[in-house]
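Chemist: The structure under discussion is supplied below as structure tokens; questions concerning it will follow.
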Amino acid sequence: MTNTIITPATTADSTTITPEARTRTFLYRFAGSLLIAGPALTFAGMLTSPPQDGPGTADYIESLTRDDTMTQVSAMFLHYSNMLTGVGLLVVPLLVRGARGRVLTLIGTLTAVLTMLNISGAVKDDWWRMELGNTLPMDVAVQISDAVDASALLSPWRDVAMLGFLGLLLLYVGLARSGVLGWWATGVYVLALIGMFTVPVSLTLVYGLVFTGLFAPLAVVGVRAIRRARLA
């Protein structure tokens with residue numbers, strides 16, 4: 001009598017990657033890369049921003065006319081930093097496991113995404129203000145610029161940016177509560193937010209570093225998302 005080893009006709013391959021898993025892996029990696037690129041482009045945009053002597057309208061317009069090329073390069077960097085960050089943020093709620101911090105992360109993410117995508121086109125201001133400064137006397141350029149800023153429905157559109165500040169704060173708190181990020185991220189954000197209102201805009205490099213600090217923790221979130229792709 002001989003021993004017979006019976007094997008199943010078909011066996012499940014535990015290494016098989018389903019189409020759904022491939023999609024999740026791609027999205028984690030893609031969005032994670034955007035979250036890393038976004039803060040980098042923000043810093044590049046601030047670093048190439050023409051120096052501004054003061055916070056006034058005339059100071060702003062005059063700075064834009066100093067170097068037309070750098071003004072446009074800076075605006076492009078800032079435009080795409082907002083676009084990439086806004087799209088990349090959509091993956092953040094998927095990093096939260098369990099209920100702790102989930103609601104705060106979701107609300108913060110949606111609010112921040114709305115703001116980033118909403119203000120991405122605001123950098124077009126740099127082009128038309130630059131042209132005003134190049135073609136008109138400064139007092140006339142300031143008058144037109146201030147008149148545009150005073151438009152009744154422009155202010156509510158720009159005020160959405162304030163929601164973005166709140167959204168990022170809620171996002172960082174939610175990620176800290178869920179364990180995706182440490183509480184250091186919230187601390188960095190709060191310090192950067194305070195710095196935005198205390199550091200003079202004339203200190204271009206310092207102000208750029210402070211502003212980038214608002215988004216710097218998102219680069220770490222991007223790394224977390226890319227690592228999560230291995231588990232997807």
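Chemist: Might you check whether a residue that is outside any helix (DSSP H, G or I) and either touching a residue at least 24 places away in the same chain (Cβ under 8 Å) or farther than 17 Å from Leu104 by Cβ (or both) occurs anywhere in the stretch 185-198? If you could, list the steps in order and put the result at the bottom.
Modeler: To start, the set of residues in the stretch 185-198 that are outside any helix (DSSP H, G or I) comprises 197-198.
Checking the rest, the ones that are also either touching a residue at least 24 places away in the same chain (Cβ under 8 Å) or farther than 17 Å from Leu104 by Cβ (or both) come to 197-198.
Checked the stretch 185-198: at least one residue is outside any helix (DSSP H, G or I) and either touching a residue at least 24 places away in the same chain (Cβ under 8 Å) or farther than 17 Å from Leu104 by Cβ (or both).
Chemist: Here's something else I'd like to know. Pairs please, first residue from the stretch 134-149 and at pLDDT below 90 and in a helix (DSSP H, G or I), second anywhere and basic (Lys, Arg) and open to solvent by 60 Å² or more (accessible area, probe 1.4 Å), Cβ atoms under 9 Å, 6+ apart in sequence or on different chains.
Modeler: These pairs meet every condition: Asp149/Arg158.
Chemist: So which residues in the stretch 181-232 are surrounded by 16 or more Cβ atoms within 10 Å (Cβ to Cβ) and of a type in the set (Lys, Arg)?
Modeler: Across the stretch 181-232, the qualifying residues are Arg224, Arg228.
Chemist: Any idea which residue in the stretch 1-57 is modelled with the highest pLDDT, counting only those that are part of a loop (DSSP other than H, G, I, E, B) and aliphatic (A, V, I, L, M)?
Modeler: Among those residues, the one meeting the criterion is Ile17.
Here's the yes/no breakdown for (1) within 17 Å of the chain's Cα centre (by Cα); (2) exposed (fewer than 14 other Cβ atoms within 10 Å of the Cβ); (3) of a type in the set (A, V, I, L, M):
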position	(1), (2), (3)
Leu90	yes, no, yes
Thr111	yes, no, no
Thr115	yes, no, no
Arg129	no, no, no
Thr135	no, yes, no
Ala147	no, yes, yes
Met162	yes, yes, yes
Tyr172	yes, no, no
Gly179	no, yes, no
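Chemist: Right, something else. List, please: which pairs have Cβ atoms under 7 Å, are six or more places apart or on different chains, and start with a residue in the stretch 88-106 that is in contact (Cβ under 8 Å) with a residue 12 or more places away in the chain and end with one that is open to solvent by 60 Å² or more (accessible area, probe 1.4 Å) and not small (Gly, Ala, Ser)?
Modeler: Pairs found: Val91/Leu27; Pro93/Leu106; Leu95/Arg224; Val96/Arg102; Arg100/Arg177; Gly101/Arg177; Leu104/Arg177.
Chemist: Continuing with this model, one more query. Kindly provide the set of residues from the stretch 199-231 that are assigned to a loop (DSSP other than H, G, I, E, B) and either touching a strand residue (DSSP E or B) at 6+ places or on another chain (Cβ under 9 Å) or under 21 Å from Thr109 (Cα atoms) (or both), ordered by number.
Modeler: Leu214, Phe215, Ala229
Chemist: Checking Ala152 against (1) at pLDDT below 85; (2) in a helix (DSSP H, G or I), only one condition comes out false. Which one?
Modeler: Evaluating Ala152 over (1) at pLDDT below 85; (2) in a helix (DSSP H, G or I) leaves (2) as the failure.
The values are calculated or read from the model by the stated rules, or taken from the named source; none is laboratory data. All of these numbers come straight from a predicted model, not from anything done at the bench. Neighbour counts run over all protein chains shown; Cβ positions are idealised from the backbone, glycine included. Please note that ligands, DNA and RNA were not included when accessible areas were found on the heavy atoms of the full protein model with its side chains. Shrake-Rupley method; radii C 1.70, N 1.55, O 1.52, S 1.80 Å.
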